[in-house]
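A.B. asks: The structure that follows is given in the form of structure tokens.
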Amino acid sequence: MSYIEPHAHMVSRTTDDYEKLALAGCEALCEPAFWAGFDRSSPQAFHDYFRQLTEVEPARAAKFAIRHFCWLCINPKEADDPGFAREVMTLLPDFLDKPNVLGIGEIGLNKNTRNELAIFEEHVQLALDRGLPVLIHTPHLEDKLKGTRIMLDSLANFSGLDPSMVIIDHVEEHTVRMVLDAGHWAGMTLYPESKCTPSRAIDILETEGLERIWMNSACDWGVSDPLAVPRCMLEMKRRGYSRETIRKVAFDNPRDFLSASTNFNLDI
Amino acid sequence: MPTRKELLDMQFIDARARVIDVAAFLDRIDRHPGDGEEPRLKALRRALPILLSDSPGRAKAVLEALSDTSDVMPESAAFQGATGAPPASEPA
Ligand SMILES: [Zn+2]
């Protein structure tokens with residue numbers, strides 16, 4: 001069955017993974033800018049990274065008939081150094097008009113610091129100024145609840161921000177309701193060891209509903225599974241969900257949110 | 001929607017294995033030298049009774065028990081990464 005992978009870090013994955021995604025039915029994937037597993041030594045390194053996201057990965061994906069889109073920003077972890085982060089942000093205007101760029105992301109908080117929050121808010125303002133959607137990363141493990149609350153409070157202070165232009169990713173049982181109640185979209189990340197398992201993601205769909213929610217693999221350089229979304233679709237099938245419902249969550253919902261970007265289209 | 005029995009048929013063995021794994025993990029920790037008041041262990045012990053609750057929302061409650069609920073917002077991070085349990089300074 002066709003699906004959209006709305007969050008995957010393909011710079012960390014092999015070409016074989018692209019083939020597996022294509023064989024599993026992936027029509028399009030979206031790659032948010034993120035932390036590479038180590039701190040870059042200079043803002044210029046981000047110039048190369050943004051070229052990789054806007055030129056190299058779309059070409060790799062196209063070889064397997066997958067549409068590749070990306071989100072640009074400086075990630076929350078490297079945003080704790082505001083001087084460095086602002087230098088990286090000066091690179092963004094040159095890239096935001098590239099044809100596969102969807103919006104600003106994945107911005108957010110990592111250790112819930114004031115420095116991170118300042119850079120988060122500058123990114124939100126940039127998205128507002130340009131009319132772009134926003135993809136938000138929520139912190140890991142014990143920091144997630146606090147970070148989600150801080151960012152929801154911050155977003156509520158942006159008058160003129162349409163909450164439905166914002167997806168807050170990596171939600172779990174303790175954060176999903178507050179995100180949806182604020183009018184934002186929610187993303188569930190399917191990880192083997194942290195975030196959501198397929199079973200729990202389906203539980204969340206059962207308890208919170210099927211509106212304004214998507215699921216992703218967020219596959220990267222860490223413990224993660226590029227086929228997590230089709231695995232969860234299979235689990236939904238085992239739990240008795242109809243084809244239509246599975247398609248809604250795995251294809252229609254991401255398509256609907258991503259269509260907030262004028263660059264998103266599924267024609268090859 | 002599967003029935004309760006069908007869900008048990010599908011998932012009971014997996015849940016059983018996870019409970020045994022946690023029990024064996026606690027035994028393993030006890031057998032080895034070190035600080036018994038380690039914050040992660042304290043947080044885990046605080047979370048375990050939630051499993052015995054009769055009300056729904058157990059997963060949410062466990063996640064909350066393993067979350068940082070402090071209000072402080074430092075200027076910059078004292079350390080990177082996350083341990084999976086609230087900082088030691090929080091009340092148990
Ligand atoms: Zn990510």
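A.B. asks: Is the C-alpha gyration tensor of the protein assembly as shown telling us rounded, prolate or oblate? Criteria: a/c under 1.5 is rounded; beyond that, a/b larger than b/c is prolate, otherwise oblate.
C.D. replies: Oblate is the answer for the protein assembly as shown, as a/c is 1.5 or above yet b/c matches or exceeds a/b.
A.B. asks: Report the full-extension gain for the segment A:D181 to A:A22: residue separation times 0.36 nm, less the Cα-Cα distance, to one decimal in nm. Walk me through the intermediate numbers first.
C.D. replies: On the way: separation 159, 0.36 × 159 = 57.24 nm, distance 3.47 nm.
In short, 53.8 nm is gained.
A.B. asks: If I build a Gaussian network model for chain B, linking alpha-carbon pairs within less than 10 angstrom, which residue out of B:P74, B:P33, B:P49 has the largest mean-square fluctuation?
C.D. replies: Its mean-square fluctuation being the largest, the pick is B:P74.
A.B. asks: Here is a further query. Among A:37-48, A:58-69, how do they line up by average Cβ neighbours within 10 Å per residue, starting with the highest?
C.D. replies: Going from most to least packed, we get A:58-69, A:37-48.
A.B. asks: OK, next. For n ≥ 4 DSSP H runs only, could you compute -39500 (n - 2.57) per run for the protein assembly as shown, divide by its residues and tell me the 222 nm figure to the nearest 500?
C.D. replies: -12000 deg cm²/dmol
A.B. asks: When the Cα centres of the range A:36-85 and the range A:185-209 are compared, how far apart do they sit, in Å?
C.D. replies: 26
A.B. asks: Which of the trypsin sites (Lys or Arg not before Pro) found in chain B are in a DSSP loop and have at most 15 neighbouring Cβ atoms, other than their own, within 10 Å?
C.D. replies: Filter output for chain B: empty list.
A.B. asks: May I pose another question? Based on the Cβ-Cβ distance of A:N157 and B:L48, what FRET efficiency does E = 1/(1 + (r/R0)^6) give at R0 = 41 Å, to the nearest 0.05?
C.D. replies: According to the calculation, E is roughly 0.60.
A.B. asks: Within 10 Å of each Cβ in peptide B:76-82, how many partner chain Cβ atoms are there on average? Round it to a whole number, please.
C.D. replies: Counting other chains' Cβ atoms within 10 Å and averaging over B:76-82 gives 6.
A.B. asks: Tell me whether the range B:1-60 comes out rounded, prolate or oblate; compute the Cα gyration tensor, take square roots of the eigenvalues as a ≥ b ≥ c, and use a/c under 1.5 as the rounded threshold.
C.D. replies: oblate
A.B. asks: At what distance in nm do the modelled label points of B:E37 and B:L7 sit from each other, each positioned 7 Å from its Cα along Cα→Cβ?
C.D. replies: Output for this residue pair reads 4.1 nm.
Each reported figure results from applying straightforward, stated rules to the coordinates on display, with no laboratory input. This is a predicted model, so every value here is computed, not measured. So basically every Cβ, Gly included, is an ideal-geometry build from the backbone, and we count neighbours across all protein chains shown.
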